[in-house]
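Any read-out appearing in this document is the output of simple, stated calculations on the displayed coordinates, not a laboratory observation. Just so it is clear, the model here is predicted, and its values are computed rather than measured. Counting neighbours? That spans all protein chains shown, and the Cβs are built from the backbone with ideal geometry, glycine included.
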Amino acid sequence: MGTAVKPRRPFRQRSVIPGFGLTLGYTLTCLGLIVLLPLATLVVKASGIGLSGIWEVATDPRVFSALRISFGVSLLAALTASVFGGVVAWVLTRYDFPGRKLADAVVDLPFALPTAVAGIALASLYAPNGLVGEQLAKIGIEVAYTPVGIFIAMVFIGLPFAVRTVQPLIAEIDKEVEEASAILGASRVATLTKVVLPPLIPAVLTGFALAFARGVGEYGSIIFIAGNLPYVSEIAPLLIVIKLSEFDYAGASAIAVIMLAISFATLLAINLIQAWSRRRFGYV
Amino acid sequence: MFDGNPIKLGAVTQRRAALLGLALAAGLALTGGARAQSEILNVSYDPTRELYRDINAAFSEEWKAKTGETITVRAAHGGSGAQARTVIDGIPADVVTLGIPSDIDAIVKLSKKISPDWRSKLPNDGLPYTSTVVFLVRKGNPKGVKDWADLAKPDVKVITPNPKTSAGGRWNFLAAWGYAYEKDGKDKEKANAFVGQLYKNVPVLDTGARGSTVTFAQRGLGDVLPTWENEAFLVLEEFGKDKFDIVVPPTSIYAEPPVALVDANVDKKGTRKQAEAYLQFLYSDKAQAIFAKHHYRPIKREAAKAEDLALLPEIKLFKIEDIQGSWDEIQKANFDNGGLFDQLSKAGR
Amino acid sequence: MSEALAQGPIKLPGDEALRPPASVVTERPVVRWLLITIALTFLGLFLLLPLFTVFAQALAKGWAAYFAAFAEPDALAAIRLTLTAAAIAVPFNLVFGVAAAWAIAKFEFRGKNLLVTLIDLPFSVSPVVSGLIYVLVFGSRGLFGPYLIEHDIQIIFALPGIVLATIFVTFPFVARQLIPLMQEQGTTEEEAALTLGASGWHAFRTVTLPNIRWGLLYSVLLCNARAMGEFGAVSVVSGHIRGLTNTLPLHVEILYNEYNFVASFAVASLLAGLALVTLAIKSVLEWRYADDIAAGARRH
């Protein structure tokens, strides 16, 4: 862990504030026991079948298609959440209308609502005999028990990330810049696309990545509404549960490690976006 | 600026400490309370929730009368495979009552917590009751489903659970296969093709029998639900007889949901006496009558009420072991990684 | 920066005359109302409708049926278990979060970014994987399996496993909120208190804690909501023993699978109610103490 690194420079800068050893030690202990040790066990378990074994699991058609569904649908859902989330964030920050504060509070609902509750609610709404499902069925759209159902659930849980990362930045936009742009003769559309939007891009990307990462791993809300059909609507986390039910611990661990690696990459991407944004725009 | 704060915060901290203490006490009470009582755990499969509620109450009553000891029988339900997995991973189950023999074999093989000769330790190979697979269809049977062959017709949508995780799903799969095998001149290739055709008609593959029933009955998906006989009756009772009909196919499978003692756990917990008595109780007249009441097929028909038995129709039942051999072979050929089900879903997509 | 957040939508009080007409810094009314309609429709369809469904289904057969769902001993046991698990997991993460934030925000040391990333890790781990890892560590065939069997210690399929899984999924909540907040506040106030002779603990209690209290409360609130609502991770380690290891979200699923839809949605409505209370308190905190929680809120 961090302390194991032999520093040539002093490990930390001097400070009069006490408690460094205590708090850092406690932090590292908790982190090690609760997060790192179990995750390391997972990696060890998966590596039991070797890299070639993991590759074999990943390229197994059923696993591959589950991963593709999880990542593909999550990508689409994060994209949708980002677009509509951007509109929502803009409307909530820039305009005043009755019920704005209520709408603002509602955005966080998916954070607070347990996923299982969201799952049964969405399933009963979008089933062919549900409130929305019935209307959609009339125009020939099936939602529940298809990949569309997975998509809906992922948009639901991803939305707050998309809205909340962009919102503060919209609030911070200096209106004088917009005024200057307008006074210099730019149309409103030009002002928006050339002046307002570019600085928002890193935040939008961050929100997108967070929504994506959350969607990929989501389980509770999806199993109720997805058809769980191999090659069609079976998501990777469900396949882990199925592998466990088949007593295939190594297989389950391998899928978990693959998902973990991709989540890691996503986290890394977020950090890179933010670093780039710091250089380019001077803030996160 | 900070004058008022220390006092307030002190109070907050104290309250938090009190809360924490309360929480810990509650936690101790929760675990401590569970230990003080004579208690056994029955880890069971999905559709037996209502059944074991009655059985457990009856057993507690009898045990109390016989020994004076109060006993609580806890139950855990889920897909049969998932439940076997929890036993392997260390759930303190005293007895398992699962949906298919291969799941108990898996516990034997992977954890050695159950004795390999579990079949011979109880009467009738550890089967206090049996069951079979029948069809549940929408009222009036609009698609005219009468036999297994109708399930593979192109315009019929079939709801069935995932045979990889659900015992009911496995019985459905084996029943369809066995039907085609017997009918088509005992040709395995033809039977495989038939089952492949049938699973092309499956739009939703839930992880447990219960999930499939909810999808079919509550969500209104599909035309036919091949399911445990007891589950079909339960749907009629829960959702109303005016919505669904039961169709009994001329032939179906002899479904064997076995029970077994988890030796390693009862010896450690010191509950062998209670757990063995519980399993023996399943063969008693009282329990046999309860099985029949919940539409399972009791092995002692004379113990059940005539009106309950009357509801269980005569079907020509075949044993899958007679066709495919031992449970090891059945499990491997059909449901293990790369087995028939995997081949079919790969081919079917 | 944070003042802008506090004010919410930027109005131009009083000095409109000095500025160009409002139309150059906002959209035409038609566009504006169109956007508002899109946003509200989207929120209504995706967020409010499911919420509404929960309560509508819960009350589909009247209040008597609704309350009957809570009279069941299994439901009460589930409520008790959920409260117990949260009562252990949340304070744990509170203490961890404060300690981590103190170490990270008040000191400069090497490897800090890595540490922050590692604390963040549970956010991006699938709940199912969170459960799986504890099975691999504490299961009979797991890392400590033989030891636990020998000493007769039950971790998974019992309260400790449920608590551990809950702690894992809510691990970053408090730390993540407090780190930017404490960084923004710097160390000068604590240094002053220490120079004046306060002990470290005293300085923390009288200087740091008042500064972060609203942010702390805010994060504990979110942590608690997630702790009580976790499904996937707990589902893998619970074992689903009725009346013993079923938490509220698992109980929702069980009732749902027993065709007891009214009871299922009734219990779900309890959790939805908890979510609404959480949102209400959260909003109040945001409106009243925006400055105090802003630094952390930006990250969420």
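General observations
- Gyration tensor verdict on the stretch B:251-303 (Cα atoms; rounded if a/c is under 1.5, prolate if a/b is larger than b/c, oblate otherwise): oblate
- Sum of -39500 (n - 2.57) over DSSP H runs of 4+, divided by residues of chain B (222 nm, nearest 500): -15000 deg cm²/dmol
- Part-to-part distance (alpha-carbon centres) for the stretch B:204-264 and the stretch C:55-128, which is given in Å: 36
- Stokes-Einstein translational diffusion, chain B - Kirkwood Rh over all Cα pairs, 1.567 mPa s, 4 °C, in µm²/s: 59
- For peptide B:73-80, the mean count of partner chain Cβ atoms within 10 Å of a residue's Cβ comes to 5.
- Nearby lysines by direct alpha-carbon distance to residue A:45 (threshold 18 angstrom, same-chain neighbours under 8 apart not counted): A:243
- Length released on extending from residue A:102 to residue A:141, taking residue separation times 0.36 nm less the Cα-Cα span: 10.9 nm
- Summarising the label geometry, the points placed 7 Å from Cα in the beta-carbon direction at residue B:319 and residue C:70 lie 5.4 nm from one another.
- Rounded if a/c under 1.5, otherwise prolate or oblate - chain C, Cα gyration tensor axes: oblate
- With a cut-off of 14 Å between beta carbons, the residues surrounding residue C:138 carry a summed charge of -1, where Lys and Arg count +1 and Asp and Glu -1.
- Using θ = phi - 60° in the Karplus curve 6.51 cos²θ - 1.76 cosθ + 1.60, the 3J(HN,Hα) couplings for the stretch B:250-262 round to x, 10, 8, 9, 7, 8, 10, x, x, 10, 7, 8, 8 Hz; x is entered for Gly and Pro.
- Taking all pairs of distinct alpha-carbon atoms in the stretch B:72-215, Kirkwood radius in angstrom: 17.0
- Neighbours of residue A:218, meaning other residues whose beta-carbon lies under 14 angstrom from its beta-carbon, give a summed charge of 0 when Lys and Arg score +1 and Asp and Glu score -1.
- Ordering C:158-169, C:275-286 by mean Cβ neighbour count within 10 Å, with the highest value first, yields C:158-169, C:275-286.
- Most positive-pole-ward Cα, B:315, B:279, B:247, against dipole of the stretch B:221-349 from beta carbon charges: B:279
- Panel note: the C-alpha atoms of the protein assembly as shown, placed on their principal axes, show extents of 94, 62, 59 Å (largest first).
- Using just its DSSP H runs of length 4 or more, each adding -39500 (n - 2.57), chain A gives a mean residue ellipticity at 222 nm of -23000 deg cm²/dmol after division by all residues.
- A protection proxy built from the mean count of other Cβ atoms within 10 Å ranks the segments A:190-198, C:43-51, most packed first, as C:43-51, A:190-198.
- DSSP beta bridges in the protein assembly as shown [antiparallel fraction, %, rounded to 5]: 55
- Averaged over the residues of peptide A:217-225, the number of Cβ atoms from other protein chains lying within 10 Å of each residue's Cβ is 6.
- Quotient of C-alpha Rg and 2.2 N^0.38 Å, computed over the stretch A:152-284: 1.44
- Phi to ³J(HN,Hα) by Karplus 6.51 cos²θ - 1.76 cosθ + 1.60 over the stretch C:83-90, Hz, x for Gly, Pro: 5, 4, 4, 5, 5, 9, 5, 5
- Nearest-20 debye value, the protein assembly as shown charge dipole, Cβ charges on Lys, Arg, Asp, Glu: 1680
- Net charge of Cβ neighbours under 11 Å - reference residue B:234; Lys, Arg +1; Asp, Glu -1: -4
- Long-range HN-HN contacts of residue B:136 with modeled amide H, under 5 Å: B:225, B:227, B:247
- Shielding by partners for peptide C:137-144, expressed as the average number of C-beta atoms from other protein chains within 10 Å of each residue's C-beta, is 6.
- Helix content alone sets the calculated 222 nm mean residue ellipticity of chain C: runs of n ≥ 4 DSSP H residues at -39500 (n - 2.57) each, divided across all residues, give -22000 deg cm²/dmol.
- Residue-wise HN-Hα coupling along the stretch B:160-176, computed from phi with Karplus coefficients 6.51, -1.76, 1.60 (Hz; x: Gly, Pro): 8, x, 5, x, 6, 10, 10, 5, x, x, 6, 4, 4, 4, 5, 5, 4
- The count of lysine pairs in the stretch B:199-349 that are at least 8 places apart or cross chains, and whose C-alpha atoms lie under 21 Å apart, stands at 10.
- Rounded, prolate or oblate (a/c below 1.5 giving rounded, otherwise prolate when a/b exceeds b/c) for chain A by Cα gyration tensor: oblate
- With the highest mean first, a sort of the peptides C:80-91, B:116-127, B:52-63, C:244-255 on other beta-carbon atoms found within 10 angstrom per residue produces C:244-255, C:80-91, B:52-63, B:116-127.
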